[in-house]
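Quick notes on the structure that follows.
The values are calculated or read from the model by the stated rules, or taken from the named source; none is laboratory data. All values derive from a computational prediction rather than experimental measurement. Every residue, glycine among them, receives a Cβ derived from its backbone with ideal geometry; neighbour counts consider all protein chains shown. Just so you know, the surface numbers come from the protein's heavy atoms only, side chains and all, with ligands and any DNA or RNA stripped out. Shrake-Rupley method; radii C 1.70, N 1.55, O 1.52, S 1.80 Å.
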Number of protein chains: 6
Amino acid sequence: MYELGVVYRHIQRADRATAEALAALGSATVHEAMGRVGLMKPYMRPIQTGVQVSGTAVTVLLQPGDNWMMHVAAEQIQPGDIVVATVTAECSDGYFGDLLATSFQARGARALIIEAGVRDVKTLKEMNFPVWSRYISSKGTIKATLGSVNIPIVCAGAYVTPGDVIVADDDGVVCVPAARAVETLAAAQKRESFEGEKREKLASGVLGLDMYKMREPLAAAGLRYID
Amino acid sequence: MYELGVVYRHIQRADRATAEALAALGSATVHEAMGRVGLMKPYMRPIQTGVQVSGTAVTVLLQPGDNWMMHVAAEQIQPGDIVVATVTAECSDGYFGDLLATSFQARGARALIIEAGVRDVKTLKEMNFPVWSRYISSKGTIKATLGSVNIPIVCAGAYVTPGDVIVADDDGVVCVPAARAVETLAAAQKRESFEGEKREKLASGVLGLDMYKMREPLAAAGLRYID
Amino acid sequence: MYELGVVYRHIQRADRATAEALAALGSATVHEAMGRVGLMKPYMRPIQTGVQVSGTAVTVLLQPGDNWMMHVAAEQIQPGDIVVATVTAECSDGYFGDLLATSFQARGARALIIEAGVRDVKTLKEMNFPVWSRYISSKGTIKATLGSVNIPIVCAGAYVTPGDVIVADDDGVVCVPAARAVETLAAAQKRESFEGEKREKLASGVLGLDMYKMREPLAAAGLRYID
Amino acid sequence: MYELGVVYRHIQRADRATAEALAALGSATVHEAMGRVGLMKPYMRPIQTGVQVSGTAVTVLLQPGDNWMMHVAAEQIQPGDIVVATVTAECSDGYFGDLLATSFQARGARALIIEAGVRDVKTLKEMNFPVWSRYISSKGTIKATLGSVNIPIVCAGAYVTPGDVIVADDDGVVCVPAARAVETLAAAQKRESFEGEKREKLASGVLGLDMYKMREPLAAAGLRYID
Amino acid sequence: MYELGVVYRHIQRADRATAEALAALGSATVHEAMGRVGLMKPYMRPIQTGVQVSGTAVTVLLQPGDNWMMHVAAEQIQPGDIVVATVTAECSDGYFGDLLATSFQARGARALIIEAGVRDVKTLKEMNFPVWSRYISSKGTIKATLGSVNIPIVCAGAYVTPGDVIVADDDGVVCVPAARAVETLAAAQKRESFEGEKREKLASGVLGLDMYKMREPLAAAGLRYID
Amino acid sequence: MYELGVVYRHIQRADRATAEALAALGSATVHEAMGRVGLMKPYMRPIQTGVQVSGTAVTVLLQPGDNWMMHVAAEQIQPGDIVVATVTAECSDGYFGDLLATSFQARGARALIIEAGVRDVKTLKEMNFPVWSRYISSKGTIKATLGSVNIPIVCAGAYVTPGDVIVADDDGVVCVPAARAVETLAAAQKRESFEGEKREKLASGVLGLDMYKMREPLAAAGLRYID
């Protein structure tokens, strides 16, 4: 945990097909399917809108105002990966811009999740390289102090182990442990399969109160209607 | 005030035509016309852009991490209503998503104002169901504890009585007490009627200093020009 | 410093051509070229997206909930200026809307940078008048207390002297002292000239580790690769 | 609601003896006895420690950076009152210092609750005049714009009607509507009367699990113990 | 990770003597000795001052507005433990007060670390039961939804495994993995042993510049002295 | 402005006697006497209570997570100085602890004002070395990147030139430009001299409304009393 100055070259990535299938379900459904755990804090916001991605985590632990490890991480990226980065202390600096994005994209990265700042956001959007970050800032960083790549990290309140599946969209970012990816996909697909029918019923005017049979438990809980 | 476990079925809604006419004037003009009161805190932000709505308030008091009352509220919605919801303590959870939006829309709701989180924001925008919220979060909620529907609430610092008019746009959210809706509309329209002329003058290069006759009071207040 | 109740009519503006040339380089590159100083705090956000501007600063010191000085400032604007405003205490009120924007635009202002709130953001975007602000709020302001125009101010953590160059885009807002504008432009252009080549290399799969010759210093710092 | 420029001279104060008796019970117990409503946001913090007070509310609506109405409010104070003040927009200025405290104390005020800033806190503590505020700030205010005294206000998220009972201590600030003061006192005293016995049991090592008979409902909810 | 509805009864606690010896060194020295990792976010603040404690972690995962698991956790406490609790979403409610403190103290708990709110802080201080929390709030909680006890959690940004050593004082809260406790203690004691000598030198007027031999590296980095 | 990598050895300190005399007046009175400018943001809080100091500023510009320049600053301290430090980006790290405090105290420093974090706060209080900071954090810093000493800086929103007078107490921190120190002292003493008389009047029950002759302007502004 939190070893400094190390790069793990071989990580156990979740099954690629499973990882990719989770994108379509979205972070909210996946989070429900996980039992409502594994969510990053809602201050992680996308710089773009309407993008839904998933991939396997390459993790980065950075130092304040220092993005050296982002360059080290680039080499560890495999197609289908999502880079997940955090800093040893809260920092709003712009750790990532269009040059790193070019490199990450060339390596096959799907997205960046970073609990810190990014810059060149206009160009990043033009490049279709999706980013979820805590801050946007023009401020650059130095390259002086070691962090680590591919160690377990805590990013925005979520514990992320290298190889875990990351699902991100406009609602937020969820981390699915590699070992739970298959069961989570199945559970999420099951949830999803009921949604269409529910939506139709609700659209036709049926109330959730009736569809979910809530009237009795509400009455049991003491709900009083006053005319 | 703050009664728990109750649903008021019959509320005194502001006049529908008045409520609807306020949308076109926008939250800033309406707020001015009210005498600069009734505004929700600026942390209430729209998930969409460019939408301007108004409607009569159906209020909801929720419990932390629990959206049970949102389903109860759905039944109380009449066409032209806006649901206004708050929680007994600050909570970022996603209390509202595409299924509830489908139901609210089917009942004729115009929008949701919620001092908490929402999810499925991409779908909500596709559905053209406008939302102003404090947070966006994938995290779902349980259905276990009673709150209330259609009691007076404090939402984002504004006191909202069921039936009041809500006006919301990209600038924020204002609550107009039902009893003041007619006079506020008149005052707002009057303000608005002068705006075109003022805008033309300013566009032609006339200074506000002259148009508003500010030079004398500024001098009286002691303003010094230094060359 | 911080004189109240004064308007300086004659300020030393940075060379216009230099000021204009900085826009194309963007806030991140200009900030780097400055030696990473002069950046406003990242809570200053654009109300629009994709706009990149630069211009010479006309400064305004405002009082809480009072925008009187904005009208005084309008008269001091020359084509190519950017108005930079702050308040003696943090305030989220909407100090600026479409009427002031019409006036500023008629005077030739390029943009507004304000450490406070603005309103009418939908109209401002339609008018193509770019704004970077800390807040968006429908709440209007009074005109009762003097501040100052064209004195040195601290805006969002940056020290701004009238006539300095402001560069703003989606990444943030940078202030370049007038006396350093020429050298900063040169340095920024030099940085920019290398970017294309770097980008191509990275896009072709060359790693930053190799391009920037980082492997040796990383090893010297003690980085360990673990298989 | 939110009338500007008015002072209500005659307000219906809650019964004095009831109001005073609530102090001893503390904000947490009173809040429970109310059914968990009426609490101000937890950002309201005492400038002193260990003080527990209660009293009847004299309310003040202030303008940003302007404390004129505090002087108007002083005249409306009766012995046993607590002044409750808020601002039409968030403001950190120091609206209240040792001179106003001297005046309030001379009038018989028990405390000040203010959703804004105060100053002279060292002296206020020496004077034993308790204050709960959102901010502490040296910055003074002007006297230029009207607000109101003794109208219903929203202070830190709580709706306060003049004459309501305020209970404040190190845990926070609760508002008890005048009409509910008697029943709340009774309910709070009942809660309190059981506390001593519970505390003794728990101190002797009895677990809450057993004392509250939680083992069965926990098992019913599915709790699993793993050895 | 993040299993819900479970209680692990047997956890591997760090060696008791080691755990206790870390208190005297303080969170800053221990954090340095760990290589500057494992620190909770600085928003975790003590309700008391001057207390320095250490102990082995009993972890609790709570639901928003629900403290049921705190009662379950009480039974798992052994003398010398520190309870470390977090919530599945940010919540300011008062999860813990004097009754739970009485129970925890009777079980031998040394302290509570909670990323949420607590109440009865005056009494907690009188009881000498130390608490580090994110919020203080009078608001109570319900007992309706399962969380877990003694699973690995993320508390205020730090990953805590049951049995890890927690060190807390006025500077903050550090988590030392059980497996690293012995080496951390040794490293911290070594650091500490040099402090006295350094302090004496600095007190006598020797500069850190000389004591740490910084003049050369500063010159090498390009520092210029200007007279 | 914002030169990096430089140390100015000779600064123009404000007159020592004037600087010292300002402490007794306190930050609120001095801020008023300055015309309500020069105040640091209210998030700067003392780690101790009841201390009132003043002194001449030695300024430090730091890099994120790096306190190298604090050691460089120590050498520039003269008896009666107050060190004022900020970082190029917001950072909560503990830049300052008991060892640096020992050194600063040995050099004659009166206090530290830092827009970042500090640690060892228990010891700092025992040493009677007063500190106003934005954060408290156990996290240490590195010594790798140059900042500057004795250049003009922006600290917590206030512009501070080396040699300016800093006045700090429980209410906050004010910066008085050296050139204005004498006139500010005179103005502050004059304000102070009237306070005693005012306090006596108010204590005797005279209302501010009468003492400040506010009744007429209030009536002129339209204040209505309602019985």
> On the given criteria, is A:THR184 more than 10 Å from every other protein chain (Cβ to nearest Cβ), at negative phi and of a type in the set (S, T, N, Q)?
Replying inline: yes
> Which members of the stretch D:35-65 meet the condition of being surrounded by fewer than 24 Cβ atoms within 10 Å (Cβ to Cβ), touching a Lys or Arg at 6+ places or on another chain (Cβ under 7 Å) and not small (Gly, Ala, Ser)?
Replying inline: D:ARG36, D:TYR43, D:MET44, D:ILE47, D:GLN48, D:VAL53
> Tally time: how many residues in the stretch F:5-23 are of a type in the set (A, V, I, L, M, F, W, C), surrounded by 19 or more Cβ atoms within 10 Å (Cβ to Cβ) and either in a loop (DSSP other than H, G, I, E, B) or more than 11 Å from every other protein chain (Cβ to nearest Cβ) (or both)?
Replying inline: 5
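Residues are listed down the side, and each one gets a yes or a no for (1) open to solvent by less than 10 Å² (accessible area, probe 1.4 Å); (2) of a type outside the set (Asp, Glu):
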residue: A:ASP98; (1), (2): no, no
residue: A:VAL149; (1), (2): yes, yes
residue: A:VAL176; (1), (2): yes, yes
residue: A:ALA179; (1), (2): no, yes
residue: A:VAL182; (1), (2): no, yes
> Looking only at the stretch A:86-96, which residues are open to solvent by 10 Å² or more (accessible area, probe 1.4 Å) and closer than 23 Å to A:LYS122 by Cβ?
Replying inline: A:SER92
> Looking at (1) of a type in the set (Ser, Thr, Tyr); (2) without any contact (Cβ under 8 Å) to a residue 12 or more places away in the chain; (3) under 23 Å from C:SER27 (Cα atoms); (4) touching a Phe, Trp or Tyr at 6+ places or on another chain (Cβ under 9 Å), which is the one condition that is false for C:TYR225?
Replying inline: (3)
> Condition test on D:ALA144, is it open to solvent by 10 Å² or more (accessible area, probe 1.4 Å), in a loop (DSSP other than H, G, I, E, B), within 10 Å of chain F (Cβ to nearest Cβ) and among the hydrophobic types (A, V, I, L, M, F, W, C)?
Replying inline: yes
> Name the residues in the stretch D:86-99 that are facing another protein chain (nearest Cβ under 7 Å) and not acidic (Asp, Glu), would you?
Replying inline: D:THR88, D:ALA89, D:CYS91, D:SER92, D:GLY94, D:GLY97, D:LEU99
>> Can you confirm whether A:SER103 is touching a Pro at 6+ places or on another chain (Cβ under 9 Å), within 20 Å of C:PHE194 (Cα to Cα) and within 7 Å of another protein chain (Cβ to nearest Cβ)?
In response: no
> Quick one: how many residues across the stretch E:24-34 are without any contact (Cβ under 8 Å) to a residue 40 or more places away in the chain and open to solvent by less than 10 Å² (accessible area, probe 1.4 Å)?
Replying inline: 0
> Does F:LYS139 fit the bill of being at the interface with another protein chain (Cβ under 10 Å from one of its Cβ atoms), in contact with a helix residue (DSSP H, G or I) (Cβ under 8 Å, 6 or more places away or on another chain) and either closer than 30 Å to E:ALA168 by Cβ or of a type in the set (Lys, Arg) (or both)?
Replying inline: yes
>> For the stretch A:66-85, give me the residue count where each residue is surrounded by 24 or more Cβ atoms within 10 Å (Cβ to Cβ), more than 12 Å from chain C (Cβ to nearest Cβ) and of a type outside the set (A, V, I, L, M, F, W, C).
In response: 1
>> When you scan the stretch D:188-210, do you find a residue that is open to solvent by 10 Å² or more (accessible area, probe 1.4 Å), aromatic (Phe, Trp, Tyr) and within 7 Å of another protein chain (Cβ to nearest Cβ), even just one?
In response: no
> Any idea which residue in the stretch D:211-227 is nearest to E:ALA74 (Cα to Cα), counting only those that are open to solvent by less than 70 Å² (accessible area, probe 1.4 Å) and assigned to a helix (DSSP H, G or I)?
Replying inline: D:MET211
>> Take C:ALA57 and tell me if it is under 28 Å from A:SER138 (Cα atoms) and modelled with pLDDT under 95.
In response: no
>> Being within 14 Å of chain C (Cβ to nearest Cβ) and farther than 15 Å from F:THR184 by Cβ is the filter here; which residues of the stretch F:24-56 pass it?
In response: F:MET40, F:LYS41, F:PRO42, F:TYR43, F:MET44
> When the stretch E:150-174 is examined, which residues are found to be among the hydrophobic types (A, V, I, L, M, F, W, C), over 8 Å from the mean Cα position of the chain (by Cα) and within 14 Å of chain F (Cβ to nearest Cβ)?
Replying inline: E:ALA156, E:ALA158
>> Quick test for you: out of F:PRO152, F:PRO177, F:PRO130, pick the one residue that is under 15 Å from F:HIS31 (Cβ atoms) and at pLDDT 95 or above.
In response: F:PRO177
> When only residues in the stretch E:109-127 that are over 17 Å from the mean Cα position of the chain (by Cα), open to solvent by 10 Å² or more (accessible area, probe 1.4 Å) and more than 7 Å from chain D (Cβ to nearest Cβ) count, which is farthest from D:VAL51 (Cα to Cα)?
Replying inline: E:MET127
> Which condition breaks for B:GLY163 when tested against (1) assigned to a loop (DSSP other than H, G, I, E, B); (2) crowded, with 24+ Cβ neighbours inside 10 Å?
Replying inline: (2)
> Any idea which of (1) among the aliphatic types (A, V, I, L, M); (2) more than 24 Å from C:VAL160 (Cα to Cα); (3) out of contact with any strand residue (DSSP E or B) (no Cβ under 7 Å at 6 or more places or on another chain) is the one F:LEU146 doesn't satisfy?
Replying inline: (2)
> Which members of the stretch C:112-139 meet the condition of being small (Gly, Ala, Ser) and touching a residue at least 60 places away in the same chain (Cβ under 8 Å)?
Replying inline: C:SER133
>> With the requirement that a residue be among the hydrophobic types (A, V, I, L, M, F, W, C) and touching a helix residue (DSSP H, G or I) at 6+ places or on another chain (Cβ under 7 Å), what does the stretch D:179-222 give you?
In response: D:ALA181, D:VAL182, D:LEU185, D:ALA187, D:ALA188, D:LEU202, D:ALA203, D:LEU207, D:LEU209, D:MET211, D:MET214, D:LEU218
> In the stretch A:83-97, how many residues are more than 19 Å from the chain's Cα centre (by Cα) and among the charged types (D, E, K, R)?
Replying inline: 1
